[in-house]
Amino acid sequence: MNSQLAIDLISAGECLACAAALFTILLRKQFRSYLSLSLFLVMRLASDLVMGFLMTQKQAHQASYKSFYLLYFYVYWFSYACEAVFLLMAVYGIYRLAMAPLHGLQRLGMLVFRWAAAISLAVTLGLAFGPHMTSSRFIMRLVAQLQQTSSILTLCLLLFVCFAIRPMGLSYRSRIFGASLGLGLLATTNLVVSAWISSAHHLYSLINIGNGLAICSAFCIWTVYFALPEPKRRMIILPTTSPFLRWNQISQALGDEPGYVAIAGVPPEMFADAEIEVMKRASRKMVEYPEMA
C-alpha cells in the first residue's frame, strides 16, 4: 500500500512537472526550436493522463478489469515507443543547434547519426523476433529493445555535445546544455528500466519509484533552464591547430561538388549568342594579325 501511494504521488507530480516544462517552453516561444523535445513532452503528458484515467476506471469497474488492462497495455507500450523516437529526434535537434557554427561537422555528424540510427533500427527488429513469441510479448520485446537502442545512441551523441559545449561558444547555463542534461538523465533511466520492464511482474516496485523520480527531475531541469534567461552565445575563435577547425574544413571539402571542364565535342548551341560573337571576333583577329597570337 505504501508503494502504491508513492507511485500515485509521483505520477501526479510527473504530470505537473511535465505540464510545467511544456508551458515554460511555450511561454519562451521555443516550441519550434525544440520541436522534438516539445512533442516528447506532449506525448508524455497525454499518455500519463490517459493511463491515470484508465487506472481510476479500473478501480471503479472491477468487472471489466480485463478490457481496461488491454487498453492500458496498448496505450502504455505505444506511448513508450513514441517517446523513444521523440527522444532520439530531440537529441538530433540539439546536436544541430550546438554545432550550428560549424556546418561541415554538423553535416558529417548528422550523416553518421542517420546511418547509425538506421542500422540500429534494423538490429532492433531482428532481435525482437524469437521462438514461441506471442503478439503481446513481441510488442514488449520490440519496444524495450527500441528504447535501449535509442538510449544508447542518445548517450553517445550527448557525450559529444557536452564536450563541444565550450568550444561551440555555449555555457553550462545555456538551454542546449540544460536540454542535454535532462535528456541524458532520461536516457540513463530508460536504459535501466527497459532492461528490467519486459520481465516485471509488479507495477508498484522500487524500480518504478526511482524511474518516476528521475523523470520528474528531468522535467524540473527543463523547466528551470527554459524559465531562466539564456546567456548570449559567444563568438567562436579557434586556433589554426584546433581539431574542430580541421575536421570542419575536411567535412566541408568532402561535401563540395567538384568543378567540371569541357574536354571536346562541345556543340555550338551550348554557348550563348554573345559568347559565339566574341569567339568569332577573336578568330578574325588571329587571322588578320597572326603576330598577336
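Quick rundown of the values:
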read-out	value
Meets criteria (at pLDDT 85 or above and within 30 Å of GLY52 (Cβ to Cβ)) for TRP222	yes
Options PHE73, PHE40, PHE86: the member that is buried (at least 18 other Cβ atoms within 10 Å of the Cβ) and either among the polar types (S, T, N, Q) or modelled with pLDDT under 90 (or both)	PHE86
Some residue of the stretch 186-208 being closer than 30 Å to MET235 by Cβ and either part of a helix (DSSP H, G or I) or modelled with pLDDT of 75 or more (or both)	no
Count of residues meeting criterion [part of a helix (DSSP H, G or I) and farther than 15 Å from VAL91 by Cβ] in the stretch 17-47	17
Pairs where the first residue, in the stretch 179-194, is assigned by TED's automatic domain parsing to the domain that holds ALA227 and the second is among the β-branched types (Val, Ile, Thr) and part of a helix (DSSP H, G or I), C-beta under 6 Å, 6+ apart	ALA179/ILE94; SER180/ILE94; SER180/VAL161; LEU181/ILE221; GLY182/ILE221; LEU183/VAL91; ALA187/THR154
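Per-residue answers, yes or no, for (1) modelled with pLDDT of 70 or more; (2) more than 30 Å from ALA6 (Cα to Cα); (3) not aromatic (Phe, Trp, Tyr):
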| residue | (1), (2), (3) |
| --- | --- |
| PHE177 | yes, yes, no |
| GLY210 | yes, no, yes |
| ALA227 | yes, no, yes |
| LEU254 | no, yes, yes |
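The values are calculated or read from the model by the stated rules, or taken from the named source; none is laboratory data. Predicted model only: the values in this text are computed from it and were never measured. We place every Cβ from the backbone using ideal geometry, glycine too, and count neighbours over all the protein chains shown.
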